[in-house]
1. Given Cα pairs under 8 Å that are at least 6 residues apart, what percent is the relative contact order of the chain?
2. Hey, how much of the P(r) for segment 29-156 falls beyond 25 Å, as a percent of Cα pairs?
3. Do you know the Lys pair count in the chain for C-alpha distances under 28 Å, with sequence separation 8 or more or different chains?
4. Over all directions, what mean area does the Cα convex hull of segment 201-271 project, stated in square nanometres?
5. How about segment 53-97: which chymotrypsin sites (Phe, Trp or Tyr not before Pro) there are in a DSSP loop, with at most 13 other Cβ atoms within 10 Å of their Cβ?
6. Inverting the mean 1/r over all pairs of different Cα atoms, compute the Kirkwood radius of segment 24-89 and quote it in Å.
7. Please rank S131, S189, fewest neighbouring Cβ atoms within 10 Å first, as an exposure proxy.
8. To the nearest 500 deg cm²/dmol, what mean residue ellipticity at 222 nm is calculated for the chain from DSSP H runs of n ≥ 4 alone, each contributing -39,500 (n - 2.57), summed and divided by the residues?
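Please treat every number below as a calculation from the coordinates, not as lab data. The model shown is predicted, which means the values in this text are computed figures rather than measured ones. For neighbour counting, all protein chains shown are included, and Cβ atoms are generated from backbone atoms with ideal geometry for every residue, glycine included.
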Amino acid sequence: MMQTKAKIPLKAPSPKRLLRNWPLHLMLLPCILLLLLFNYAPMVGISIAFQRYNPTKGFFGSQWVGLQHFQRLFALPGFWQAVWNSFRIAVLKIVFSQLMALTFALCLNELRLRAYKKVIHAVTLFPHFVSWVICATIIRDLLYADGAINTLLMSLGLTNSPIFFLGDSQYFLPMLIITDVWKGFGYGSVIITASLTSIDPGLYEAAYIDGAGRWKQTLHVTLPGIASIMMMLLLLSIGGILSAGFDQIYNLYNTLVYDVADIIDTYVYRMGIGSGQFSQATAAGLFKSVIGAILLTISYALAARYTDYRVF
């Protein structure tokens with residue numbers, strides 16, 4: 001017979017327990033206040049999406065127009081192009097970042113010199129902590145028509161004329177994915193590297209006795225051992241699938257590549273800050289937030305179902 005785990009009912013904390021732990025609650029108070037001030041109080045601005053917003057009249061004095069801005073937004077072809085670009089770029093980033101982080105972690109795990117492993121990990125981890133403003137400046141200098149990359153390609157005879165990586169839609173999207181993977185795979189491999197240490201060494205010894213080499217051990221011991229972690233990371237990344245990376249794209253894109261690089265965040269920025277269409281931009285941002293919240297709920301439910309991951 002199948003046995004089911006007994007569910008332990010959650011009990012509300014008693015007043016005595018709250019009083020006994022008052023120093024801990026007092027320590028949490030500044031964090032709660034900051035959360036309310038910077039995360040919840042600004043949500044009053046959501047009302048702009050349902051108003052003909054006038055900055056001089058404020059949130060409570062502007063005229064309410066219902067869903068008019070959403071209807072107008074959904075009729076714009078540029079908005080749906082931005083939604084598609086956000087989805088495509090985010091999916092490509094997730095897939096290639098996960099693959100690169102996994103490959104790097106597996107290769108790093110094969111090294112035996114601990115000092116060398118630490119140096120390699122530190123070097124690959126460093127780009128994650130550098131802002132995209134700095135990274136984009138370096139990338140642009142490398143990819144300009146007279147930059148180092150074009151100079152190298154022309155000197156090797158691979159091309160007769162400079163390639164406009166930043167101005168050609170054919171090259172911009174691959175460049176976007178490659179630079180994002182380069183910047184983040186070192187950080188993404190931290191969790192995978194840590195999970196590799198939890199695999200029982202006896203499994204490797206048993207596989208070795210059975211005649212399995214390093215490749216067979218990786219296929220039949222290492223990968224199954226970290227499969228749940230990889231699944232969890234993949235499922236949890238679904239919640240941010242419409243967040244394709246505003247910092248990177250805003251610092252690298254231009255009008256020539258809007259067809260492949262304009263995402264919801266840059267669309268909202270251009271419409272709100274650039275054109276002053278605050279209500280329309282808020283409607284677009286709220287649409288993205290609602291879809292993101294739904295995807296986040298689904299991803300946590302799937303993670304709890306298939307990887308036994310719990311938030312609390």
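1. Relative contact order comes out at 25 percent.
2. On the way: 5335 of 8128 pairs.
Every Cα pair in segment 29-156 considered, those over 25 Å come to 66 percent.
3. The result is 11.
4. Reported value for the Cα convex hull: 7.5 nm².
5. none
6. 15.0 Å is the Kirkwood radius here.
7. Least to most surrounded, the residues fall as S131, S189.
8. Values: 16 runs with 198 residues, N = 312.
Rounded to the nearest 500, it is -20000 deg cm²/dmol.
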